[in-house]
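Below is one structure, written out as C-alpha cells, with a few remarks after it.
The values are calculated or read from the model by the stated rules, or taken from the named source; none is laboratory data. Because the structure is a prediction, the values reported are computed rather than measured. Ideal geometry is used to build each Cβ from the backbone, glycine not excepted, and the neighbour counts take in all protein chains shown.
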Amino acid sequence: MKYLYIKLIALTLTLSACNKSKDLAQVNSEFKADNNQYEVKFNPVSPQYKLETAELVENYYKKYINTGSFSGGFLMAKNGEIIYEDYTGYSNYANKEKISANTPMHVASVGKVLTSISVLRLADKKLIDLDESVNVYLKGFPYENITVRHLLNHRSGIPYYGNFTENPGVWDRKKTLTNKDVLEILKTKSIKLESKTDSRFKYCNTNYVLLASIVEEVTGKTFQEALKQIILEPLKMNNTFVFDDIKNKDTVTQSYHANNQKMHWDYLDGTYGDKNIYTTPRDMLKLDKALYSNKFLSKNMKEQMFKGYSYEKKGANNYGLGLRMIEPSEGVGNKYTFHNGWWRGNKTSYVTLQKDTIAIICFNNKNSALAYKTKQLAGKLGNYPFIEQPKD
C-alpha cells in the first residue's frame, strides 16, 4: 500500500507537470508574432491637423524641451501616425555616437508599463490571477496577504530595496544586487512592511522587481525572453530589450550629468522590471497603438489597467496597474494617463491620451527634467487639467 501511495503521488505530480507544460506550449503558440493580429484601424489624420499640430508641437519642443541641453528622442503621434519627432545628442559622448530613431535608451520607470503589460497578458491567458497571493508564484515569499494586484498598483507596503539593503548585515553593497537577491532578502532577513497592505499607495521599485520574477516563474523563461515572446516579437519592437547583465554596461546607451560627465554605475543597477528596459520612441509607439486593440489586452484587462486604486487621500493623482493618472474633477478636463521615469541621468516620459488617441514620448539620457515638459504639451493638444502652461 505504501508503494502504491508513493506511485500515485508521483503520477499526480507528473500529470500536473504535463498539464503545466501543455498550458505553456499553448501560450507559446498564442504569443507568436502575427503581422495583423493587433492592428487597429484608426481614422486617418487630416492633412490640416498634421500641418497645424506639427507646427505647434515643433515650436513647443524647440522652446521648452530641446533647449540646447536635451539629449534623447521625442515623438508625438495621433491615431498611430507620427506627427512630429526629433533625435539629438549622444548615446556615447566619448565616442560621439549619435542618438537616432533606432537607438535603444534606458527608459527608467517607463519600463514599468512593459512589465505590467507582460503580467496582464499572462493574466488574460489565465496563467496569472491578479488577486492571488504572491507566494503562490514565488515560493517562500513571506507576506501572505500581498497579491499580484498589490504589486501592480503599489499598495503592497513593501519597502524599497535600495533602503533595506543599506541596513547592517542585509547586503554587501560591493556586490551587484539581482532580482533573485531581492527575493532572497525578503525571505530571510525579516524585512518589515512600511505600511499595512492595501492601506495606502506607496510607489516602490521592489514591487516591479517581484513582478518580473513572477513572469519568469510562470513562463519558465528569463524576463528578457519572456518579454520578447509576450510583447516585443508580436509587436515587432525590434529595438527593445531587457538589460540583465551589468557586465555589458559599456555596450548600451550611457547616461550623463549636465556637464557631459558619464553617470556612475553601482550595486543597484542589476535589477530589472522596475527599470533596465531599453527602447525607442518608435517602439514605444507600437506598444501604445496595441493598447487600443482588444486582442492584445482584453477590454476587461484594459479597464483594470486604466482605473485608479488609491483614494484614501483627496486629490486627482492616482495609479492604475502600471500607469500613473490624473483624474480631474468633473468638468475640469479629461483623465490624463502617463508614466515618468528617472534612473541616473535617464529622465523619461510616456503619455497616452486615449480619449484623443494621442501619444507623447520623450526619452532623455542627460540629467535634466526637460522630458517632463510633456505634461504641459498635453494641455495644448486636448482638454487636460494643466493651467500652469509655460508662458509663450
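Closer than 23 Å to residue 115 by Cβ and in contact with a helix residue (DSSP H, G or I) (Cβ under 7 Å, 6 or more places away or on another chain), is that true of residue 305? Yes; evaluated as a whole, the condition is true for this residue.
Here is the figure for segment 161-213: residues that are touching a Lys or Arg at 6+ places or on another chain (Cβ under 8 Å), surrounded by fewer than 16 Cβ atoms within 10 Å (Cβ to Cβ) and under 30 Å from residue 308 (Cα atoms) total 4. Restricting attention to segment 346-392, the residues that are under 30 Å from residue 272 (Cα atoms), assigned to a loop (DSSP other than H, G, I, E, B) and modelled with pLDDT under 95 add up to 2. Just one of the listed residues (135, 59, 102) is more than 22 Å from residue 241 (Cα to Cα) and within 24 Å of the chain's Cα centre (by Cα), and it is 135.
Name the residue that is surrounded by the most Cβ atoms within 10 Å (Cβ to Cβ), counting only residues in segment 138-160 that are of a type in the set (Ser, Thr, Tyr) and part of a loop (DSSP other than H, G, I, E, B). Among them, the one singled out is 156. Between 273, 308, the distinction of being under 17 Å from the mean Cα position of the chain (by Cα) and surrounded by fewer than 22 Cβ atoms within 10 Å (Cβ to Cβ) belongs to 308 only.
Residue-by-condition table, conditions (1) out of contact with any Leu (no Cβ under 8 Å at 6 or more places or on another chain); (2) closer than 30 Å to residue 174 by Cα; (3) not in a helix (DSSP H, G or I); (4) not β-branched (Val, Ile, Thr):
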{"site": "214", "(1), (2), (3), (4)": "no, yes, no, no"}
{"site": "224", "(1), (2), (3), (4)": "yes, yes, no, yes"}
{"site": "230", "(1), (2), (3), (4)": "no, no, no, no"}
{"site": "244", "(1), (2), (3), (4)": "yes, yes, yes, yes"}
{"site": "258", "(1), (2), (3), (4)": "yes, yes, yes, yes"}
{"site": "264", "(1), (2), (3), (4)": "yes, yes, yes, yes"}
{"site": "286", "(1), (2), (3), (4)": "no, no, no, yes"}
{"site": "301", "(1), (2), (3), (4)": "no, no, no, yes"}
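Between a first residue in segment 319-336 that is outside any loop (DSSP other than H, G, I, E, B) and a second residue that is of a type in the set (A, V, I, L, M), which pairs have beta carbons less than 6 Å apart while being 6 or more apart in sequence or on different chains? Here the result reads 326/316; 336/326, each pair linking segment 319-336 to a residue that is of a type in the set (A, V, I, L, M). Within the span defined as segment 74-89, every residue fails to be over 19 Å from residue 283 (Cβ atoms) and in a strand (DSSP E or B). Among the candidates 337, 348, single out the residue that is of a type in the set (Val, Ile, Thr) and farther than 22 Å from residue 253 by Cβ. That would be 337, the only listed residue that is of a type in the set (Val, Ile, Thr) and farther than 22 Å from residue 253 by Cβ. Quick one: residue 377 ticks every box in (1) over 20 Å from the mean Cα position of the chain (by Cα); (2) surrounded by fewer than 19 Cβ atoms within 10 Å (Cβ to Cβ); (3) within 23 Å of residue 76 (Cβ to Cβ) except a single one, so which number is it? So residue 377 meets the others, but not (2).
Here segment 67-76 is the region considered, the condition is being touching a residue at least 40 places away in the same chain (Cβ under 8 Å) and surrounded by fewer than 22 Cβ atoms within 10 Å (Cβ to Cβ), and the residue that is farthest from residue 360 (Cα to Cα) is 69.
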